[in-house]
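Input: a single structure, listed below in structure tokens.
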Amino acid sequence: MSNDNKYKKATKFVHAGRNPEDYFGVVNPPICRTSTILYKDLDAYLNPYTKYRYGRINNPLSQNFEEAVSELEGGFHSISTSSGLSAITTVLLAFLKAGDHILIVDSCYPPTRFFANSQLKSYGIEVEYYDPMVGAGIKDLIRDNTALIYLESPGSATLEVQDVPAIAKIARENNILTVMDNTYSAGILFNPLDHGVNISLQSAAKYLGGHSDINLGFAVADTKENYEKLKACAVNLGVCAGAEDLYLSLRGLRTLQMRLDYAGKNMLLVLKWFKERKEVQELYCPALENAKGHDIWKRDFSGVNGLIGVLFNPKYSFNDISRFVDSLELFPVGSSWGGYESLVQPQDMKTYRSNWQKEGVFIRFQIGSEDPQDLISDLEGGIVNLKL
């Protein structure tokens, strides 16, 4: 697109990462299944600037995707990986070494915690978790060997909104790299790099893909230097993304804005229903006035996605909640979110947090694209099972 700065994001997403002139006018970049790439001669093989060298390292489709998500997040360039978790682990391994200290938000995606507690610690890296509401107070946790601050906002399950600009400012003043999991916002609701973060990563299996049929992740770097370090680690680890997943995510990008908007509207209607339920002890959503970081969310974010965290009254046992969940027709149990379908998943908060003291069963609800009144009717039919 020429002079594309004049266009809004929703328009850019329709056109990002596609060049029909490169494919005889074909609208979408074709699936590129390749390992071996042939060179026209020996000089081309020896030329370090040859564009495509091997399918695992880069190819026309991965290049299209990485250009598109770099524009989505507003960064220099990106890497694509086989899953959201592989994006996380590749970034951490690229910028940490033995003897370093990392600060990780306590409300992080649970597999991030598991990787840090097992692999990172075994590599001689000091791991410390911090309160998501610490803000500029992060300065008091910085050590001489602190190399990286890891953010996720809103946080996993409990959806606390961090003061990202304040944390990024402190980090820059101390020459510390910042990395943020931006999957909740999908690059639409919030742009970490615009607020001082160095690396923004996402699981494209969520809203970007949007149809629960891919495994894909990516990480976008703010500068050429950080990108080259990230890319070198990805190449050395053998990290790459599958062709079909890249293709489907590029297709999902075209409708990302409208799907995310619809999910947010649906979620707010279901959230209103939950607010009236006496069976609920506490609700977690940044749009709630009493939510942790609500004022920051209003300042920095443009909306919400389809997630709600629900902590039920502790008088209900897990068996009680199971009767409720198992009676629902439109909310199957599933481990993901961001697709077109509604889901529920129990959250083991005492494992997922450093010091979780609250009692009661915690359930995460993913609100999909079904009619919201049908979803509410289903919940109303199921909630009676808590009263048996």
Please state which of the following conditions Ser336 fails to meet, knowing it meets all the rest: (1) of a type in the set (Ser, Thr, Tyr); (2) within 30 Å of Pro29 (Cα to Cα); (3) part of a helix (DSSP H, G or I).
-> (3)
All conditions in (1) in contact with a Leu (Cβ under 9 Å, 6 or more places away or on another chain); (2) within 30 Å of Val164 (Cβ to Cβ); (3) buried (at least 17 other Cβ atoms within 10 Å of the Cβ) are true of Ser302 except (3)
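Could you check, for segment 242-252, whether at least one of its residues is out of contact with any His (no Cβ under 8 Å at 6 or more places or on another chain), free of Cβ contacts under 8 Å to residues at least 40 places away in the same chain and in the same structural domain as Pro165 (by TED's automatic domain parsing)? Please lay out each step first, then the result.
Filtering segment 242-252 down to residues out of contact with any His (no Cβ under 8 Å at 6 or more places or on another chain) leaves 242-247, 249-251.
From what is left, the residues that are free of Cβ contacts under 8 Å to residues at least 40 places away in the same chain are none.
No; the residues of segment 242-252 include none that is out of contact with any His (no Cβ under 8 Å at 6 or more places or on another chain), free of Cβ contacts under 8 Å to residues at least 40 places away in the same chain and in the same structural domain as Pro165 (by TED's automatic domain parsing).
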Across segment 345-378, what is the number of residues that are crowded, with 19+ Cβ neighbours inside 10 Å and closer than 15 Å to Met267 by Cβ?
-> 8
State whether the residues of segment 40-59 include one that is more than 23 Å from Val239 (Cα to Cα) and either outside the structural domain of Ala204 (by TED's automatic domain parsing) or β-branched (Val, Ile, Thr) (or both).
-> no
Quick check, is Lys206 more than 15 Å from the chain's Cα centre (by Cα), in contact (Cβ under 8 Å) with a residue 24 or more places away in the chain and outside any strand (DSSP E or B)?
-> no
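Take Ser185 and decide whether it is under 30 Å from Lys8 (Cβ atoms), hydroxyl-bearing (Ser, Thr, Tyr) and either modelled with pLDDT of 95 or more or out of contact with any Lys or Arg (no Cβ under 6 Å at 6 or more places or on another chain) (or both). Please lay out each step first, then the result.
Values: under 30 Å from Lys8 (Cβ atoms): yes; hydroxyl-bearing (Ser, Thr, Tyr): yes; either modelled with pLDDT of 95 or more or out of contact with any Lys or Arg (no Cβ under 6 Å at 6 or more places or on another chain) (or both): yes.
Yes: the conditions hold for Ser185.
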Could you check Phe312 against (1) within 20 Å of the chain's Cα centre (by Cα); (2) surrounded by 15 or more Cβ atoms within 10 Å (Cβ to Cβ) and say which number it fails?
-> (1)
Of the numbered conditions (1) of a type in the set (A, V, I, L, M, F, W, C); (2) touching a strand residue (DSSP E or B) at 6+ places or on another chain (Cβ under 8 Å); (3) free of Cβ contacts under 8 Å to residues at least 24 places away in the same chain, Leu288 satisfies every one except a single condition; which is it?
-> (2)
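Would you say Lys121 is loosely packed, with under 14 Cβ neighbours inside 10 Å, charged (D, E, K, R) and within 29 Å of Tyr184 (Cβ to Cβ)?
Numbers: loosely packed, with under 14 Cβ neighbours inside 10 Å: yes; charged (D, E, K, R): yes; within 29 Å of Tyr184 (Cβ to Cβ): yes.
So Lys121 fits the description; yes.
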Of everything in segment 339-388 that's part of a loop (DSSP other than H, G, I, E, B) and acidic (Asp, Glu), which residue is farthest from Lys206 (Cα to Cα)?
-> Glu359
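Please state which one of Arg18, Arg56, Arg33 is touching a Cys at 6+ places or on another chain (Cβ under 6 Å) and not in a helix (DSSP H, G or I).
On the way: Arg18 fails: touching a Cys at 6+ places or on another chain (Cβ under 6 Å); Arg33 fails: touching a Cys at 6+ places or on another chain (Cβ under 6 Å).
Exactly one residue qualifies, and that residue is Arg56.
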Expected output for segment 343-355 (first residue of a type in the set (Lys, Arg), partner surrounded by fewer than 20 Cβ atoms within 10 Å (Cβ to Cβ) and not in a helix (DSSP H, G or I), Cβ below 8 Å, 6+ apart or cross-chain) is Lys350/Trp356
Give Val344, Val361 a once-over and let me know the one that is β-branched (Val, Ile, Thr) and closer than 27 Å to Ser249 by Cα.
-> Val344
Among residues of segment 246-275, those that are more than 17 Å from the chain's Cα centre (by Cα), closer than 22 Å to Leu375 by Cβ and of a type in the set (Lys, Arg), counted | 3
Please give the helices (runs of 4 or more DSSP H) falling wholly within segment 213-308 in which 2 or more residues are within 17 Å of Arg364 (Cα to Cα), of a type in the set (A, V, I, L, M) and touching a Pro at 6+ places or on another chain (Cβ under 7 Å).
-> 256-275
Failed item in (1) out of contact with any Leu (no Cβ under 6 Å at 6 or more places or on another chain); (2) crowded, with 20+ Cβ neighbours inside 10 Å, with Ala87 passing the rest = (1)
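The values are calculated or read from the model by the stated rules, or taken from the named source; none is laboratory data. From a predicted model like this one, the values you see are computed outputs, not experimental measurements. Because the Cβ atoms are built from the backbone with ideal geometry, glycine has one as well, and the counts that use them run over all protein chains shown.
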